[in-house]
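Where a number appears in this text, it was derived from the coordinates with a stated rule and is not lab data. Quantities reported herein were computed from a predicted structural model and do not represent experimental measurements. Virtual Cβ from ideal backbone geometry, glycine too; neighbours counted across all protein chains shown.
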Amino acid sequence: MGYAETYAAWKADPDGWWLKQAAALDWSKAPTQGYDAATNTWFADAMGNTAWNCVDRHVAAGHGERVAIIHDSPVTGTKTKITYAELQDRVARMAGVLHAQGVLKGDRVVIYMPMVPEALVAMLACARIGAVHSVVFGGFAARELAVRIDDCKPRAVIAGSCGIEPGRVVHYKPLLDEAIVLAEHKPEACLILQREAGEADLVPGRDFDLADEMSRAVPADCVPVKGSDPAYILYTSGTTGQPKGVVRPMAGHMVALHWTMKNIYGVEAGDVYWAASDVGWVVGHSYICYAPLLAGCTTIVFEGKPVGTPDAGTFWRVISEHKVKSFFTAPTAFRAIKREDPKGEEAKKYYLSGLQALFFAGERADPDTVNWAGDVLGVPVIDHWWQTETGYAIAANPFGMDALPIKVGSPSVAMPGYDVRILSPEGEEMPAGELGAVAIKLPLPPGTLPTLWDADARFRKSYLDTFPGYYETGDAGLIDADGYLFIMARTDDVINVAGHRLSTGAMEEVLAGHPDVAECAVIGAADPLKGQLPVGFLCLSKGVNRPEEEIVAECVARVRHEIGPVAAFKSAVVVDRLPKTRSGKILRAIMARIADGQDYKMPATIDDPVILEEIGSALSRIGYPAAR
Ligand code: COA
Ligand code: AMP
């Protein structure tokens, strides 16, 4: 069946269509119903286990010797392969370690780890016993970790002693210690993976050496959980400093991800699949850990960067050496490679003909990067659009089912499960080709968020209240006459830096905490490498008379310390006042247009238009608009 027939079949009978997809997996009790309005989840009456389906199922089918994980780590100079049988043993042992620490079904476990196979083992170990993991990206600092610990209240934490960034070791354990001091909730146990590059001191009675514990663990069996039970919580940026805890229900997650592997990515059991992201992001959850393993593929855990580890040919080496068939990353990674190797000379050194397609997501795929990648690799470059909230593609080109013509600049068409509409501010549907808010008709498909952790009212307010009957994506865009979607911008104060979703509100909260800052604003300014970079505007308290550079440097250090290096907050400027509407709303979108050198329309409600000129001259002092 092609895309049009498949989409129509789903639309005609969503419950029946998804139940058919669910039959591809193993269940302790197979689902008999599709969408369940009471829990806002799918397959709520099913019982099953994600770790069983990712690991044990393949071993039971006689594929124990197949490689499940390849850890390729240029930063440590090591490469390791783990078979499905070995993975089963490790997951069962780590699950046993969690049990021994009193972690039971429904308990939360925070995972704070670099790109090592143990991160996946930890996720699967939680799934095995029905515990709910929450992975925190290593680039977040102690305060962000503390906020997440307080929100999901983990019984245990599994952490690496350190991560390795090019040129420096990031010691995770002191950050974890600081987070536990900052947090009100105190986890009972911390299981630490000691790494050679930086071993950590352990707190007696609270901290345990993970390897020691695993060597003496009693392996734990898979525990069946309900279809509607949460598989994990993943925090993502909203408009405030408090991140949103996206809840992922067990059954829908498995079914939807499993479907995508064949139909979107075009891979099957035994194929090698690589998502160059990080387990701390949704791409890492779905496409480094769960989906490739559900499909019986070999997944690559890459601990390195697209450039500098050691050079701009690293990605091509990994693709050729491990025979990668399907490759997924963010466009920013390709922009980094292109900057170092504009002619793509490095790619010529490797045998890449096993690669079938390249997939981009995480940020807008700009035509220059898409075209360059296509020229260098000679494979289709497929943009697809999704969010932490959905867990997999809302719109894509279903390459594995029926490769549709590619329109550069568009993530193509809605996937089965998603009825995407473009709405006016009043909630009216916009004609083809006209810009509006991108919304999805409810109910959302399997695997998408049913709520936010411990914040159902916030869930409704953030996603459901604006357009009754629809999920509000927070993106603006259009659908053309052929049904192709174009995603143009965010409608909120979320920015996208190197494919990482960040909250300007969170940065503003940190800046506002500086004793000399009376008021502030953060915007995302266009950046040729990272897509966007944050820029801060600081209004100082009356009487402050210190050099501007000193205050700016302190603010930069503050954001790095409190949010983390991932915020990439490096520039700020002092201004006398901020442009606002008469009702007091800061005009961030216009400030961003000024930073990007774009025209803007003077809002009728602006308090004092002269302030925009002041913003322009302040920006020019720090090099904006940048020459491109
Ligand atoms: N632990 C600790 N620190 C981390 C980290 C981690 N896991 N990941 C990143 N950081 C640090 C970096 O070292 C950097 O620190 P610096 O300011 O001291 O240089 C900072 O956070 C910003 O990181 P990043 O945004 O990744 O920038 P970069 O300059 O190191 O690399 C790219 C830029 C484009 C090469 C890189 O972002 C990349 O490969 N991105 C594409 C893939 C991806 O991960 N996308 C995510 C969603 S799909
Ligand atoms: P995240 O939740 O971190 O995956 O970020 C999701 C947001 O990233 C989306 O709401 C978009 O704003 C942006 N995004 C992700 N993929 C794309 C894409 N293919 N094209 C345009 N924007 C994208």
Over the chain, the sum of -39500 (n - 2.57) across DSSP H runs of at least four, divided by residue number and rounded to 500 deg cm²/dmol, gives at 222 nm -8500 deg cm²/dmol
Sorted on mean Cβ neighbours within 10 Å (highest first), peptides 314-327, 172-185 come out as 314-327, 172-185
Three principal axis extents, largest first, for the C-alpha atoms of segment 296-403, in Å? 35, 31, 26
Looking at this model, which pairs from Lys305/Lys338; Lys81/Lys343; Lys153/Lys244; Lys20/Lys262 are more than 21 angstrom apart at the alpha-carbon? Lys81/Lys343
Determine the relative contact order of the chain: mean sequence separation of Cα pairs under 8 Å and six or more apart, normalised by residue count, in whole percent. 12
Neighbour-count ranking [beta-carbon atoms within 10 angstrom, fewest first] of Thr473, Thr466, Thr41: Thr466, Thr473, Thr41
Rg/Rh for segment 234-315: what does it come to with C-alpha atoms and Rh from Kirkwood? 1.05
What is the P(r) of segment 212-263, as percent of Cα-Cα pairs per 5 Å bin from 0? 4, 15, 13, 14, 15, 16, 13, 6, 2, 0
Kirkwood-based Rg/Rh on the Cα set of segment 29-115 evaluates to 1.07
Return the ratio Rg/(2.2 N^0.38 Å) for segment 509-628, where Rg is computed over Cα atoms only. 1.03
Using the count of nearby Cβ atoms within 10 Å as a rough guide to exposure, how do Leu485, Leu234 rank from fewest to most? Leu485, Leu234
Extent along principal axes [Cα atoms of the chain; Å; largest to smallest]: 72, 62, 56
